[in-house]
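*Asks:* This is the structure, below, for whatever I ask next.
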Amino acid sequence: MSSNNFSNEELNPLHSIEQWEDDVLLRYPEPAVPETDKSKEEYRNYDNPGRDTVREFYRLNHQYQTYDFVQQKKKEFLSFSRKEMPVWGAMEFLNTLVDDSDPDIELDQLQHLLQTAEAIRADGHPDWFVLTGFIHDMGKVLCLFGEPQWAVVGDTFPVGCKFSDKIVYPEFFAANPDEQDERYNTKYGIYSPNCGLNEVDLSWGHDEYLYQMMKDHLPEPALYMIRYHSFYAQHREDAYAHLMNDHDREMFEWVKKFNPYDLYSKSPKPPVISELKPYYEGLIAKYLPDMIRL
């Protein structure tokens, strides 16, 4: 299904693509903040009008992210034939995604990513981990190619097998054609027990797009962080352990290590890009090619 088939309301149900991450923070508050049953209960209050746009976003996401849709998007975007530029240039291209809806801070995409990376760096992690923090959302450039928000961001989940009720707003899967398809609506669907996540297709978005772009250049833990950082149904809810193998479980320790930096490193103090740019350009030169194709 082409993006041309959707109305503007269906393409852009959120005020900005960062709104879904704010909603993730409601679901998974910072560990230092005690999570009570009441907070979970309040989160489940789907009648809260402040979350109507998020509800609509997930309604569309759950209806249209089918197994066939994912295959179509992989064919459409994984030829990387749209643009060629240096990595820093791609980050500046991403920065043209304006987010004027975040009530807490007014930082652009590049500043947000530098904050994540600097928090990782401050904790003494390896330089490839720092670089991963810096580039992990670069796949959001998909929005700049006219893709619907719900095909760029949002919690990811396997397609080709039964949708877990641990996925946010599971009731919206009732409108997904795969829910009625006998090939896809059983526990394992087209997969086999503990087949390994590399054999499993997840819903389409910025994670898979960037993973495919980076898979020949970064250490395997970095690739797991990029590919699965939005897979909350597994790394927070453990809903798909039956598809994972021992290697996945080992690598998911890195995904869990990365997740707090992704969600909780926002700060109103903007990083000084001009001061940090030489360090990050050095990291890019160490691990990545001079030019990347989008």
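The values are calculated or read from the model by the stated rules, or taken from the named source; none is laboratory data. What you are looking at is a predicted structure, and each value in this text was computed from that prediction instead of being measured. Backbone-built Cβ (ideal geometry, glycine too); neighbour counts: all protein chains shown. Remember, those area values only see protein heavy atoms, side chains included, never the ligands or the DNA or RNA. Shrake-Rupley method; radii C 1.70, N 1.55, O 1.52, S 1.80 Å.
*Asks:* Pop out the ³J(HN,Hα) list for the range 237-252 in order, Karplus 6.51 cos²θ - 1.76 cosθ + 1.60 with θ = phi - 60°, rounded to Hz; leave Gly and Pro as x.
*Replies:* 3J(HN,Hα) across the range 237-252, in whole Hz: 10, 6, 7, 10, 4, 5, 9, 8, 10, 4, 5, 4, 4, 5, 5, 5.
*Asks:* Still on this model: Given Cα pairs under 8 Å that are at least 6 residues apart, what percent is the relative contact order of the chain?
*Replies:* 25 percent
*Asks:* Take peptides 282-292, 218-228 and line them up by average Cβ neighbours within 10 Å, highest first, as a rough protection proxy.
*Replies:* 218-228, 282-292
*Asks:* To continue, here is another question. Averaging over all projection directions, find the projected area of the Cα convex hull of the range 192-248 and quote it in nm² with one decimal place.
*Replies:* Answer in nm², one decimal: 3.9.
*Asks:* What is the distance, in nm, between label points placed 7 Å from the Cα along the Cα-to-Cβ direction at Thr186 and at Glu250?
*Replies:* Reported label-point gap for Thr186 and Glu250 is 3.1 nm.
*Asks:* Could you grab the relative contact order for the range 81-180? Cα pairs under 8 Å, six or more apart, rounded to a whole percent.
*Replies:* Across the range 81-180, relative contact order equals 19 percent.
*Asks:* Rounded to two decimals, what is Rg over Rh for the chain when you use alpha-carbon atoms and the Kirkwood radius?
*Replies:* Across the chain, the Cα-based Rg/Rh ratio is 0.94.
*Asks:* Measuring from the lowest to the highest alpha carbon on each principal axis, how far does the range 138-231 reach, largest first, in angstroms?
*Replies:* 38, 32, 20
*Asks:* Between Asn194 and Ala174, what FRET efficiency comes out of the Förster formula 1/(1 + (r/R0)^6) with R0 = 30 Å and r the beta carbon distance, rounded to 0.05?
*Replies:* With R0 = 30 Å, the Cβ-Cβ based efficiency is 0.60.
*Asks:* Please report Rg over Rh for the range 58-193, where both radii come from the alpha carbon positions and Rh follows the Kirkwood definition.
*Replies:* Value, to two decimals: 1.03.
*Asks:* Under the rule of at least 5 residues apart or a separate chain, name every residue whose amide H is placed under 5 Å from the amide H of Ile292.
*Replies:* Met85, Val87
*Asks:* Let me ask you something else. Over the chain, with the other protein chains present, what is the accessible area per residue in square angstrom, probe 1.4 angstrom?
*Replies:* I get 44 Å² per residue for the chain.
*Asks:* Provide, for q = 0.12, 0.13, 0.14, 0.25 Å⁻¹, the log10 of I(q)/I(0) from a solvent-free Debye sum over equal Cα point scatterers in the range 207-294.
*Replies:* At q = 0.12, 0.13, 0.14, 0.25 Å⁻¹ the computed log10 ratios are -0.48, -0.56, -0.64, -1.28.
*Asks:* I'd like the carbon and sulfur percentage of the solvent accessible area for the range 105-243, probe radius 1.4 Å, heavy atoms only, ligands and nucleic acids excluded.
*Replies:* Heavy-atom surface of the range 105-243 belonging to carbon and sulfur, 1.4 Å probe: 43 percent.
*Asks:* What are the lysines whose alpha-carbon lies under 20 Å from the alpha-carbon of Lys75, with same-chain residues fewer than 8 places away excluded?
*Replies:* Lys75 reaches Lys83, Lys140, Lys215.
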